[in-house]
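A short worksheet on the structure shown next.
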Protein chains: 2
Amino acid sequence: MSGRFLNKAGADEIVKALTIKAVMGKSLFSANDRILIAVSGGKDSSVLAWALSAIRPALKFSYELSSLHISTDFCACCKKSTLAQRLEDWGIPFTDLFVPVIGRLQEGRKMNCYWCSTQRRTELLRYAVENGFNKIALGHHMDDIVETFFMNLCSKGRMEAMPMSIKYRKFPVTLIRPLGLLEEKQVIACADKLGILKTACTCPYGINSGRRVMRKQIDVFTGGSGDVKRRILKALAEGDRDYLIG
Amino acid sequence: MSGRFLNKAGADEIVKALTIKAVMGKSLFSANDRILIAVSGGKDSSVLAWALSAIRPALKFSYELSSLHISTDFCACCKKSTLAQRLEDWGIPFTDLFVPVIGRLQEGRKMNCYWCSTQRRTELLRYAVENGFNKIALGHHMDDIVETFFMNLCSKGRMEAMPMSIKYRKFPVTLIRPLGLLEEKQVIACADKLGILKTACTCPYGINSGRRVMRKQIDVFTGGSGDVKRRILKALAEGDRDYLIG
């Protein structure tokens, strides 16, 4: 199994196959859905946009794709024209939205990941609702999901990962993660094969160190094995969680 | 918090306090329960037997304690008279039951942990049922529970730990783990303080290496922090596990 999933030559086919498996197996979207893809310009969201476009012929229904990039007041290096051109090549409209993340900070408050991601997520959701999109697609992959699970388990003492699909209670929008069955290295291999270069800014704050530490610890823990991560994902997805502590 | 829980001088008091917390918080047993303690002669089950006896004055109800040791045909070095004497000192009757674990192997089959533990568990359950015990107490602590959780997660792809309390479906018996809130090092500190020496055999097969590897990996993962393990235990115990994969 590992061999098949690590075949670099067919990296794009693997991404398509596992994206279709996620979309169909988890009912991520269906006919006439209007899907807004959150694109940072990084490899993950770029591969996501490509994949959602590339699997159109294989799916037997029509759906709309569009993309939104959020620019901020602390990051101006993003090559947006390259990103826009790439998305146009894949037949996906592109919108750039400016959000003054620092400008919205209350006086005396320091910039942090939580504040920034909340501001971005809020604007993303507002844009989707105002423009009639009923699905928001995010580029998180299996490593992100497993990492988040372990961070919440060890830091918060909570059993929370990233659902492949979760509906907002108060809004007519569902978050979906169509790359959830793919390992990060499979996503990177696909980006490399397709010649997708990173066009996102590197965060100048660089304060996301908790996640980096956890990533290294998980590598020790799983021995870097994709099979182990897939088993963890299977456990997270299964309904039977009754045999825990009691 | 760590400081309090690592105080060696009060190791016996810590064990008593966290055993009472488990018994009351998880309703492990109550008035008139008849509890059979599975004793190997090792430190864990010895501390368990001591603790269940030592917390009698603090609990406002009466319960019966007895103990069962299972001897096998491949392990004859156990100092049973020392074990029996120790239990008698604590007011706990002791029974030794011989189970021919190797003798029951089918021809051509090799000895393994699964076979041995199944034979022992079956005989333990049979003895409890035949002698009217409605609770079986096992000496597993927090490290055992966390280890089992991670082994099942990574090897089997299942969300299974060791419940603090679980009733057999087909028998009128409930398994309980009163040391479940204690770290292994807290149990060892208590055994040391009480002068409890190990009287169990060391398994001559020594084939339980998967668990040893997992134990080391968890140490790397948690940085050996009891707080991290307690947060994991809290997550396992909580009812809300809906925000996983969806």
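The values are calculated or read from the model by the stated rules, or taken from the named source; none is laboratory data. Treat the numbers as computed from the prediction; the structure is a model and nothing was measured. Note: ideal-geometry Cβ built from the backbone for every residue, glycine included; neighbour counts use all protein chains shown. Accessible surface areas use protein heavy atoms only, side chains included; no ligands, DNA or RNA. Shrake-Rupley method; radii C 1.70, N 1.55, O 1.52, S 1.80 Å.
Among the conditions (1) out of contact with any Lys or Arg (no Cβ under 8 Å at 6 or more places or on another chain); (2) surrounded by fewer than 19 Cβ atoms within 10 Å (Cβ to Cβ); (3) of a type in the set (Asp, Glu), the only one that B:Asp44 does not satisfy is (2).
Of B:Ile20, B:Ile14, B:Ile92, all but one fail to be in a loop (DSSP other than H, G, I, E, B) and under 18 Å from the mean Cα position of the chain (by Cα); the exception is B:Ile92.
Against the test of being more than 14 Å from every other protein chain (Cβ to nearest Cβ), under 13 Å from the mean Cα position of the chain (by Cα), open to solvent by 70 Å² or more (accessible area, probe 1.4 Å) and of a type in the set (Lys, Arg), the options B:Arg121, B:Arg104, B:Arg109 yield a single qualifying residue, B:Arg121.
Of the residues screened, A:Thr199 is one that is at negative phi, part of a loop (DSSP other than H, G, I, E, B) and hydroxyl-bearing (Ser, Thr, Tyr).
Being at pLDDT 95 or above and polar (S, T, N, Q) is the filter here, so list the residues in segment A:164-185 that pass it. Listed by number, the list holds a single entry, A:Thr174.
When residues in segment A:127-167 are screened for being in a strand (DSSP E or B), within 10 Å of another protein chain (Cβ to nearest Cβ) and either open to solvent by less than 20 Å² (accessible area, probe 1.4 Å) or free of Cβ contacts under 8 Å to residues at least 60 places away in the same chain (or both), 2 of them pass.
Scanning segment B:69-91 for residues that are open to solvent by less than 40 Å² (accessible area, probe 1.4 Å), modelled with pLDDT of 95 or more and more than 18 Å from B:Leu197 (Cα to Cα) gives no hits.
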